[in-house]
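Asks: Below: one structure in structure tokens.
The values are calculated or read from the model by the stated rules, or taken from the named source; none is laboratory data. Since the structure is predicted, the reported quantities are computational estimates derived from the model, not experimental observations. Backbone-built Cβ (ideal geometry, glycine too); neighbour counts: all protein chains shown. Areas reflect the complete protein model, heavy atoms only, side chains present, ligands, DNA and RNA absent. Shrake-Rupley method; radii C 1.70, N 1.55, O 1.52, S 1.80 Å.
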Amino acid sequence: AQSVTQLGSHVSVSEGALVLLRCNYSSSVPPYLFWYVQYPNQGLQLLLKYTSAATLVKGINGFEAEFKKSETSFHLTKPSAHMSDAAEYFCAVSGSYGQNFVFGPGTRLSVLP
Amino acid sequence: NAGVTQTPKFQVLKTGQSMTLQCAQDMNHEYMSWYRQDPGMGLRLIHYSVGAGITDQGEVPNGYNVSRSTTEDFPLRLLSAAPSQTSVYFCASRAGGYTGELFFGEGSRLTVL
């Protein structure tokens, strides 16, 4: 079975500050990991994904995430927050034995001026 | 590119009524799925399909039916709506293979009175 936890349902940062959104996963098989962003009243949009190539993955809008197998983590970071980054962020895991995704509960990011 | 198209975007039902949420994708994806999104619970898988004529249950299938007669379409039917089915519903399709990401529709907001 696979599961995803996201520490912090709501994170606030100041504009220009570092963004760190945490994701830990549980998987009995090598995982494929994804970060999605959801802007208000919209669907989910892929930010980046890890599929067993490089452990440091770069995505859109300046975000990146590092896969750490020893910590079962896939935290999302961005060096400098922008007001347009305010949204909800979801971490998800998929495994090599099935095509279904398991999503975390989400973290709402607020960016303060 | 239309991608994944869901209709309707908004719907209000009375308890006991039935309705169908439509989903169509134009990317020739074999895998399609339906999720519901509720506050603090992330996205939960309702039903999924790995190809025309093949469907299976996800995490929360009760009260919902699906069928897959074509690669493009994957409708979700609510048989007898209940207030607990008030939610935002997302249809998603997946690119080929286990490393492909999910592509989401814009969502359908359903309220059951």
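Asks: Which number in (1) under 21 Å from residue A:95 (Cβ atoms); (2) under 15 Å from the mean Cα position of the chain (by Cα) marks the one condition that residue A:45 misses?
Replies: Result: residue A:45 fails condition (1) only.
Asks: Identify, from the list B:66, B:50, the residue that is of a type in the set (Val, Ile, Thr), under 18 Å from residue B:7 (Cα atoms) and open to solvent by 20 Å² or more (accessible area, probe 1.4 Å).
Replies: Every option except B:66 fails the conditions.
Asks: Next question. Can you find a residue in region B:14-31 that is open to solvent by 10 Å² or more (accessible area, probe 1.4 Å), closer than 25 Å to residue A:6 by Cα and facing another protein chain (nearest Cβ under 10 Å)?
Replies: No, the conditions are met nowhere in region B:14-31.
Asks: Quick one: what pairs do we get from region B:1-13, first residue away from chain A (no Cβ under 13 Å) and within 22 Å of residue B:86 (Cβ to Cβ), second of a type in the set (Val, Ile, Thr) and surrounded by 11 or more Cβ atoms within 10 Å (Cβ to Cβ), C-beta under 7 Å, 6+ apart or different chains?
Replies: Once the first residue is away from chain A (no Cβ under 13 Å) and within 22 Å of residue B:86 (Cβ to Cβ) and sits in region B:1-13, its partners that are of a type in the set (Val, Ile, Thr) and surrounded by 11 or more Cβ atoms within 10 Å (Cβ to Cβ) give B:12/B:111; B:13/B:112.
Asks: What strands (runs of 3 or more DSSP E) completely inside chain A contain at least 3 residues that are open to solvent by less than 30 Å² (accessible area, probe 1.4 Å)?
Replies: Fully inside chain A and qualifying: A:31-38, A:44-50, A:73-78, A:87-95, A:107-112.
Asks: Taking region A:49-86 on its own, how many of its residues are within 14 Å of chain B (Cβ to nearest Cβ) and more than 20 Å from residue A:26 (Cβ to Cβ)?
Replies: Of the residues in that region, 4 qualify.
Asks: Just for region B:91-107: of the residues that are in contact with a Ser or Thr (Cβ under 8 Å, 6 or more places away or on another chain) and buried (at least 23 other Cβ atoms within 10 Å of the Cβ), which one is farthest from the other protein chains (Cβ to nearest Cβ)?
Replies: Per the stated criteria, the residue is B:93.
Asks: Follow-up question, since we're still on this one. Among the residues of region B:40-55, which ones are more than 9 Å from chain A (Cβ to nearest Cβ) and not β-branched (Val, Ile, Thr)?
Replies: Answer for region B:40-55, where residues must be more than 9 Å from chain A (Cβ to nearest Cβ) and not β-branched (Val, Ile, Thr): B:47, B:49, B:51, B:52, B:53.
Asks: Moving on to the next point. I'd like to check something: does region B:91-106 contain any residue that is in contact (Cβ under 8 Å) with a residue 60 or more places away in the chain and either over 21 Å from residue B:24 (Cβ atoms) or among the acidic types (Asp, Glu) (or both)?
Replies: Taking every residue of region B:91-106 in turn, at least one turns out to be in contact (Cβ under 8 Å) with a residue 60 or more places away in the chain and either over 21 Å from residue B:24 (Cβ atoms) or among the acidic types (Asp, Glu) (or both).
Asks: Hey, among the residues in region B:76-87 that are buried (at least 17 other Cβ atoms within 10 Å of the Cβ) and within 11 Å of the chain's Cα centre (by Cα), which one's nearest to residue B:5 (Cα to Cα)?
Replies: B:76
Asks: Does residue A:101 count as under 29 Å from residue B:57 (Cβ atoms), touching a residue at least 12 places away in the same chain (Cβ under 8 Å) and in contact with a Lys or Arg (Cβ under 6 Å, 6 or more places away or on another chain)?
Replies: no
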